[in-house]
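J.: Got a structure for you, written out below as structure tokens; questions coming shortly.
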Amino acid sequence: MKTVNHWIGGKTVEGASGNWGPVTDPATGAVTTQVALASAEEVDAAVSAAKEAYATWGTSSLAQRTSILFRYRALLDAHRDDIAALITAEHGKVHSDALGEVARGLEIVELACGITTQLKGELSTQVSNRVDVSAIRQSLGVVAGITPFNFPAMVPMWMFPLAIACGNTFVLKPSEKDPSPANFLAELAAEAGLPDGVLNVVHGDKVAVDALLTHPDVAAVSFVGSTPIARYIHATASANGKRVQALGGAKNHMLVLPDADLDAAADAAVSAAYGSAGERCMAISAVVAISSIADELVDKIRERAEKIKIGPGNDPVSEMGPLITKAHRDKVATYVTGAAAQGAEVVLDGTGYTVDGFEDGHWIGLSLLDKVSTDSDAYRDEIFGPVLCVLRADTYEDGLALINASPYGNGTAIFTRDGGAARRFQLEVEAGMVGVNVPIPVPVGYHSFGGWKDSLFGDHHIYGNDGVHFYTRGKVVTTRWPDPSEGHIGVDLGFPRNH
């Protein structure tokens, strides 16, 4: 059986806690790997390695950092298929989807390669007589990232390339459900020339998480995951004096107006709801259809959903793979089986789906629930699986009010041909990321990613300008160099004047 250990100080370090977690192949249900689960002492060793490396990395030149990142980007590009294969083996998503994950992570590496422009400061000369003021940004020190199972390569790449480009050192705690991609990313970084200790990977469960949240040498924590855990991360790390960005869960809505291209809207709904088996925080899980076109839209969604090919992620004909674990598959199924009792019409029920030859895999088919009420479990909870709820609204105003009443505010979309309606929606909807005829409005790397309300805890979104600001802190320097011909100024107890 394969064993995944920690990566500390530029080398593999065997787990010493005696605790191990199972990693399964979601397509077969078989345990293929064991992953070391770190003790608090092992987390401390990783933080210590990062702290030692920061002594030199924090003062390294921008040229040195970016040259390493350019080499890293080239290695990642050359190993796209290898990284994607690891994702498929442990997460289950189809290979094409895994390749897309790697590509989106590479966007942030490319942003980090250009960090020289992002870290330029500001200078104001002659604010007073021979007085200049400059504003600069400096690194924080040791920072940590805690990442989810659904994007085991992309989300870590949202964090550590930008953090280390800014001069920090990094400790990554990836999901213990699919740990191999994180180690491979660290190994490639070392091959690119990243000094030992700048990037460390420790695997583990709540013990490792809490050790990072309370460690006195960790200056900041980045997190992506569910809302309850994001709230806990934010509260605990903040109470321990750390800067925190904690991205939580979502219930993303897609509002479809009567003038929309319904074929395009149906295509988008199926792609956004069922891609990656619905295991993504930007999935569209709720379509809000204006009543006059709701029946037609539901029919079009059903027709398309019935044609999706489900199978092992390494099968080129598969369009959707299994869920990450059997327990998660079973939990997702309960929302479908309980929907009818709570007033929904079950248009498609995917709970009994299996794949010939892979009967023990974590399979579930596509489910479509119509006429869902806002007080039902299927609507209120983040299901994180291939279940699409359709709700109906009589008017644009009703649909907007329904969306804004949700405690989540991650992403949303509107489908319409009316520019005025789209403009109103993007200004009036309470969500951090908005798509206009774009179902999954994940921003490109040089803009920032993050939601509102219970989808984000902390003041900074992830990557983009917000990411740079999160991984640095500002300093303002006021300088006065007296002219050689100037005489002695003398004591002045008054408030400093700028005139």
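J.: Being open to solvent by 50 Å² or more (accessible area, probe 1.4 Å) and part of a strand (DSSP E or B) is the filter; apply it to the stretch 465-487 and report the residue that is farthest from L140 (Cα to Cα).
T.: Filtering the stretch 465-487 for residues that are open to solvent by 50 Å² or more (accessible area, probe 1.4 Å) and part of a strand (DSSP E or B), the one farthest from L140 (Cα to Cα) comes out as R480.
J.: Any idea which of (1) more than 11 Å from K173 (Cβ to Cβ); (2) open to solvent by 50 Å² or more (accessible area, probe 1.4 Å); (3) touching a Leu at 6+ places or on another chain (Cβ under 6 Å); (4) not hydroxyl-bearing (S, T, Y) is the one D205 doesn't satisfy?
T.: Here D205 clears every test but (1).
J.: Among (1) touching a residue at least 12 places away in the same chain (Cβ under 8 Å); (2) of a type in the set (A, V, I, L, M, F, W, C); (3) farther than 20 Å from A305 by Cα, there is one condition A401 misses while meeting the rest; what is its number?
T.: (1)
J.: Would a scan of the stretch 243-251 turn up a residue that is within 13 Å of V298 (Cα to Cα) and either open to solvent by 10 Å² or more (accessible area, probe 1.4 Å) or not in a helix (DSSP H, G or I) (or both)?
T.: Checked against the condition, which is being within 13 Å of V298 (Cα to Cα) and either open to solvent by 10 Å² or more (accessible area, probe 1.4 Å) or not in a helix (DSSP H, G or I) (or both), the stretch 243-251 yields no hits at all.
J.: Run L368 past the list (1) open to solvent by less than 40 Å² (accessible area, probe 1.4 Å); (2) part of a loop (DSSP other than H, G, I, E, B); (3) farther than 28 Å from R424 by Cα and report the number of the one that doesn't hold.
T.: (2)
J.: Looking at G399, is it over 23 Å from P258 (Cβ atoms), touching a strand residue (DSSP E or B) at 6+ places or on another chain (Cβ under 6 Å), at pLDDT 95 or above and open to solvent by less than 80 Å² (accessible area, probe 1.4 Å)?
T.: When the stated conditions are applied, G399 does not pass them.
J.: Name the residues in the stretch 272-294 that are in a helix (DSSP H, G or I) and over 21 Å from E397 (Cβ atoms), would you?
T.: Of everything in the stretch 272-294, those that are in a helix (DSSP H, G or I) and over 21 Å from E397 (Cβ atoms) turn out to be A272, A273, Y274, G275, S276, A277, G278.
J.: Being touching a helix residue (DSSP H, G or I) at 6+ places or on another chain (Cβ under 6 Å), open to solvent by 40 Å² or more (accessible area, probe 1.4 Å) and closer than 30 Å to F425 by Cα narrows it down to one residue among V346, V390; which is it?
T.: V346
J.: Being modelled with pLDDT of 95 or more, open to solvent by 10 Å² or more (accessible area, probe 1.4 Å) and in a loop (DSSP other than H, G, I, E, B) is true for just one of P228, P216. Which residue is that?
T.: Checking each option against the conditions leaves just P216.
J.: State all residues of the stretch 15-58 that are touching a Lys or Arg at 6+ places or on another chain (Cβ under 9 Å), farther than 26 Å from N168 by Cβ and assigned to a loop (DSSP other than H, G, I, E, B); if no residue qualifies, say none.
T.: P26, G29
J.: Restrict the check to the stretch 452-464 and report whether at least one residue is open to solvent by 10 Å² or more (accessible area, probe 1.4 Å) and small (G, A, S).
T.: Within the stretch 452-464, one or more residues are open to solvent by 10 Å² or more (accessible area, probe 1.4 Å) and small (G, A, S).
J.: For A45, are the conditions met, namely being in contact (Cβ under 8 Å) with a residue 60 or more places away in the chain and open to solvent by 20 Å² or more (accessible area, probe 1.4 Å)?
T.: No; evaluated as a whole, the condition is false for this residue.
J.: Now a separate question. Consider A103 carefully, then state whether it is free of Cβ contacts under 8 Å to residues at least 40 places away in the same chain, outside any loop (DSSP other than H, G, I, E, B) and within 25 Å of S222 (Cβ to Cβ).
T.: yes
J.: Further question on the same structure: For G338, state whether it is more than 28 Å from D178 (Cα to Cα) and of a type outside the set (F, W, Y).
T.: yes
J.: Further question on the same structure: Within the set of pairs 6 or more residues apart or between chains, which connect a residue that is more than 15 Å from A272 (Cα to Cα) inside the stretch 292-309 to a residue that is open to solvent by 50 Å² or more (accessible area, probe 1.4 Å) with Cβ atoms less than 7 Å apart?
T.: Going by the 7 Å Cβ cut-off, the qualifying pairs are S292/P258; I293/P258; A294/R392; K309/V317; K309/E319.
J.: Next question. Kindly evaluate E90 against the criterion of being charged (D, E, K, R), out of contact with any strand residue (DSSP E or B) (no Cβ under 6 Å at 6 or more places or on another chain), at pLDDT 95 or above and assigned to a helix (DSSP H, G or I).
T.: For E90, the condition - charged (D, E, K, R), out of contact with any strand residue (DSSP E or B) (no Cβ under 6 Å at 6 or more places or on another chain), at pLDDT 95 or above and assigned to a helix (DSSP H, G or I) - is not met.
J.: Within the stretch 116-146, can you find the residues that are open to solvent by 10 Å² or more (accessible area, probe 1.4 Å) and part of a loop (DSSP other than H, G, I, E, B)?
T.: L119, K120, G121, N129, R130, L140
J.: Considering only residues of the stretch 1-14 that are assigned to a loop (DSSP other than H, G, I, E, B) and within 27 Å of the chain's Cα centre (by Cα), which is farthest from A46 (Cα to Cα)?
T.: N5
J.: From the list A264, A273, A289, A283, pick out the single residue that is open to solvent by less than 50 Å² (accessible area, probe 1.4 Å) and farther than 30 Å from I324 by Cα.
T.: Only one candidate qualifies: A289.
The values are calculated or read from the model by the stated rules, or taken from the named source; none is laboratory data. The structure displayed is predicted, hence computed values, not measured ones. Cβ sites come from the backbone with ideal geometry, for glycine too, and all protein chains shown count toward neighbours. Please note that ligands, DNA and RNA were not included when accessible areas were found on the heavy atoms of the full protein model with its side chains. Shrake-Rupley method; radii C 1.70, N 1.55, O 1.52, S 1.80 Å.
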